[in-house]
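What follows is a single structure, written as structure tokens, with notes after it.
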Amino acid sequence: MARILFENASKRYPNGFVALENLNLEIKDKEFVVLLGPSGCGKSTTLNMIAGLEEVSEGNLFFDDETVNFTPPHHRDVAMVFQSYALYPHKTVYENIAFGLVMRKHPKDDIDRRVRDAAQRLEITHLLDRRPSQLSGGQRQRVALGRAMVRKPAVFLMDEPLSNLDAALRISMRAEIKELHRSMQTTFVYVTHDQAEALTLADRIVVMRNGLVQQIGTPDEIYEHPANTFVASFLGSPPINYLDGELVVEGDKVTFVRGETRLDFAPERGKKLLGQSGRKVKLGIRAEDVDERSEPSSGEVIAGAVTSVLPVGSDQFLGLQVEGEELFFRINKDLRHNYGDKIKLSANTGRLHVFDADTEASLI
Ligand code: ATP
């Protein structure tokens with residue numbers, strides 16, 4: 001069992017800087033939780049607190065029902081994989097993987113079995129006699145994973161473990177890490193600033209900013225129902241578009257109005273906005289939530305002049321000047337447009353987002 005619970009936990013560094021404020025987070029046994037946010041938001045600090053590498057300044061940290069605020073790292077049954085891999089350069093791959101077990105005085109044959117089993121699962125058996133300097137980045141990464149795996153920890157901690165790898169390898173290693181989680185049946189806490197990585201790996205994502213949690217939820221919840229514009233902007237590529245404007249409510253129809261642009265919210269989306277006529281809002285439209293039809297109906301038209309056309313394999317990114325703002329959409333690559341063309345797209349009004357113009361909190 002390894003349930004992790006932060007209760008009103010804060011971290012103040014000796015220089016007085018508060019890196020984490022009042023964190024309340026329960027990570028369930030066997031869950032894969034990703035801490036996501038921009039550089040400096042407090043992700044690594046949170047992970048290091050779980051590892052015991054940083055003390056909790058205020059509040060509590062529990063493993064199952066026990067407080068571990070003052071438990072030293074080696075009594076926590078956690079294993080950590082760092083971005084830098086932290087391999088011993090003079091030891092072989094075998095010795096690197098075995099090191100933690102040797103330190104804990106495991107029997108030799110048990111160590112051998114675990115090292116070979118991990119090496120086989122990570123497909124690095126043929127590298128066991130090499131030293132780290134004779135390995136590629138991806139191979140070093142696997143050794144670092146192997147070293148954590150053989151410990152069979154109750155909690156697996158990973159701090160940007162894929163950030164030194166090239167794009168293709170990063171994607172294949174994501175699949176391996178997901179498989180590792182499935183086969184190890186252990187709690188995983190994973191730090192990244194890469195939203196795509198978070199969306200593929202996590203059971204739940206914790207989005208952080210300036211030491212404060214912005215939202216906790218499944219990838220779907222966070223993507224489909226972002227709590228505020230920060231979360232909405234952080235997930236999605238190209239990022240979500242915004243238009244400032246006003247709500248107009250007539251009967252049970254809720255419309256976003258900005259200049260010539262009038263978008264009627266689909267009923268299920270609009271019902272929370274009834275009674276908000278005149279409210280200043282920021283409309284959010286994700287790049288993929290449009291399509292091109294010959295005759296878009298009146299309450300869904302986004303019209304503008306093409307400012308850029310960027311093919312990206314099966315799709316294209318289209319820049320469009322709408323109400324004086326440049327918005328970016330993702331549409332089928334077979335639709336041909338040129339710079340300056342005046343076109344009309346249909347917004348998927350069941351997927352519009354709307355935020356308060358001042359607080360930037362979601363209104364739906
Ligand atoms: P990155 O992705 O860049 O690693 P992060 O989200 O993991 O960022 P942290 O490493 O947790 O961020 O740091 C959070 C904040 O705390 C940062 O502003 C950082 O400068 C600050 N910080 C980290 N360690 C210390 C320290 N020992 N003393 C003072 N401030 C620190």
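Please treat every number below as a calculation from the coordinates, not as lab data. Being a predicted model, the structure only gives us computed values, none of them experimental. All Cβ positions, even for glycine, are placed from backbone atoms using ideal geometry, and neighbour counts span all protein chains on display.
Things to note:
- Of Ser183, His126, Asn241, farthest towards positive along the dipole that unit charges on Lys, Arg, Asp, Glu beta carbons give the chain: His126
- Residues His90 and Glu123, FRET efficiency given R0 of 22 Å [Cβ-Cβ distance, rounded to 0.05]: 0.35
- GNM top mover of Leu128, Leu283, Leu162 - the chain, alpha-carbon springs below 10 Å: Leu128
- In this label model, Lys342 and Thr359 are separated by 4.1 nm, measuring between points 7 Å along each Cα→Cβ vector.
- Checking every one of the GluC sites (Glu not before Pro) in region 1-57 against DSSP loop status and a limit of 15 other Cβ atoms within 10 Å picks out Glu55.
- Relative contact order for the chain, counting Cα pairs under 8 Å that sit 6 or more residues apart, in percent: 15 percent
- Of the chymotrypsin sites (Phe, Trp or Tyr not before Pro) in region 275-364, those whose Cβ has at most 16 other Cβ within 10 Å and which sit in DSSP loop: Tyr339
- If you take all other residues with their beta carbon under 15 Å from the beta carbon of Leu23, and give Lys and Arg +1 and Asp and Glu -1, the sum is -1.
- Under the Debye formula (equal points on every Cα, no solvent term), log10 I(q)/I(0) of region 241-356 at q = 0.22 Å⁻¹: -1.21
- As a proxy for reagent exposure, ranking Arg336, Arg130 by other Cβ atoms within 10 Å from fewest up yields Arg336, Arg130.
- Listed residue pairs exceeding 31 Å between alpha carbons, taken from Lys43/Lys253; Lys178/Lys271; Lys91/Lys152: Lys43/Lys253; Lys178/Lys271
- A Förster radius of 22 Å, combined with the Cβ-Cβ distance separating Arg12 from Ser233, puts the computed FRET efficiency at roughly 0.20.
- Candidates Leu327, Leu127, Leu310, ranked by Gaussian network fluctuation over the chain, Cα under 10 Å, top entry: Leu310
- Percent of beta bridges antiparallel (DSSP, the chain, rounded to nearest 5): 75 percent
- At 0.890 mPa s and 25 °C, Stokes diffusion of the chain via Kirkwood alpha-carbon radius, µm² per second: 106 µm²/s
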